[in-house]
Amino acid sequence: MQDKKVLIPLHRPNLTEKFFFFASGIVTSVPLTLFVGTFTDSLCVVLPAFYATLCSLAIFTPFVEEFAKAYPLFYRHGETEKSIFALGLLVGLGFGVSEFLLYVIAFGTPFYVRLPGLVFHAGSTSITAYGIAKKQPVRFYLIAAALHFTNNISVLLDPFPDVSYNIGGAAVLAITLLLSLRLHNKTSETIVD
């Protein structure tokens, strides 16, 4: 009996599909984060206020958000490493836009304070997407979650959170974006099967 090979045609996402993944960051990742967040927050409420916030925002949030943002990326077919990376960037950007609007409109945070977070989410999700493309999702998910953890810790410890983006957060943002760029440069047009 002869082995039959199944050929997966090369698929390049069109504008509609790219919008789908951007929207997935809003309509899939945000509700999933909020849903899981209600359970993780309940694990932290028994702690004193500062530690409950630390537990929720610095420990659980990075793991939940990074997973929720990567979740739509498991819907793909015949994608190249580059296209998975780009779709991850779009999902993260969609998530970042919704979080940006929530903080600016609902909580009254100055828009310039939330702009770095918008870009951070795109970068961190692209890191996880790279891991998916290279068949190492856990490793790169943990890197993205560690960067997210470090960012959230720097925000929690910032003495002036509504005035400017803090130095620690800026450093984490720079590291995230540089890593994202480096990983993007390591992607290829190889189809991920």
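The values are calculated or read from the model by the stated rules, or taken from the named source; none is laboratory data. Remember, it's a predicted structure, so these values are computed and weren't measured experimentally. Positions of Cβ are generated from backbone atoms using ideal geometry, with glycine treated the same way; all protein chains shown enter the neighbour counts.
Just a few scattered comments:
- Considering T109, T150, T125, the condition of being closer than 16 Å to L179 by Cα, at pLDDT below 95 and of a type in the set (V, I, T) is satisfied by T150 alone.
- Residues located in the range 74-101, provided they are within 26 Å of T38 (Cβ to Cβ) and at pLDDT below 90: F74, Y75
- Of residues in the range 1-35 being at pLDDT 85 or above and of a type in the set (V, I, T), the one surrounded by the fewest Cβ atoms within 10 Å (Cβ to Cβ): T16
Per-residue answers, yes or no, for (1) over 23 Å from G94 (Cα atoms); (2) crowded, with 16+ Cβ neighbours inside 10 Å:
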{"position": "T109", "(1), (2)": "no, yes"}
{"position": "V113", "(1), (2)": "no, yes"}
{"position": "V138", "(1), (2)": "no, no"}
{"position": "I167", "(1), (2)": "yes, no"}
{"position": "V172", "(1), (2)": "no, yes"}
{"position": "I175", "(1), (2)": "no, no"}
{"position": "L179", "(1), (2)": "no, yes"}
{"position": "L183", "(1), (2)": "no, yes"}
{"position": "T190", "(1), (2)": "yes, no"}
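- The one condition in (1) farther than 26 Å from G131 by Cβ; (2) part of a helix (DSSP H, G or I) that S56 fails to fulfil: (1)
- V64 being surrounded by fewer than 15 Cβ atoms within 10 Å (Cβ to Cβ) and at pLDDT 85 or above: no
- Qualifying residue in the range 69-86 (condition: out of contact with any helix residue (DSSP H, G or I) (no Cβ under 9 Å at 6 or more places or on another chain) and part of a loop (DSSP other than H, G, I, E, B)): yes
- One residue from V46, V64, V30, V36 being among the β-branched types (V, I, T), closer than 22 Å to L156 by Cβ and free of Cβ contacts under 8 Å to residues at least 24 places away in the same chain: V46
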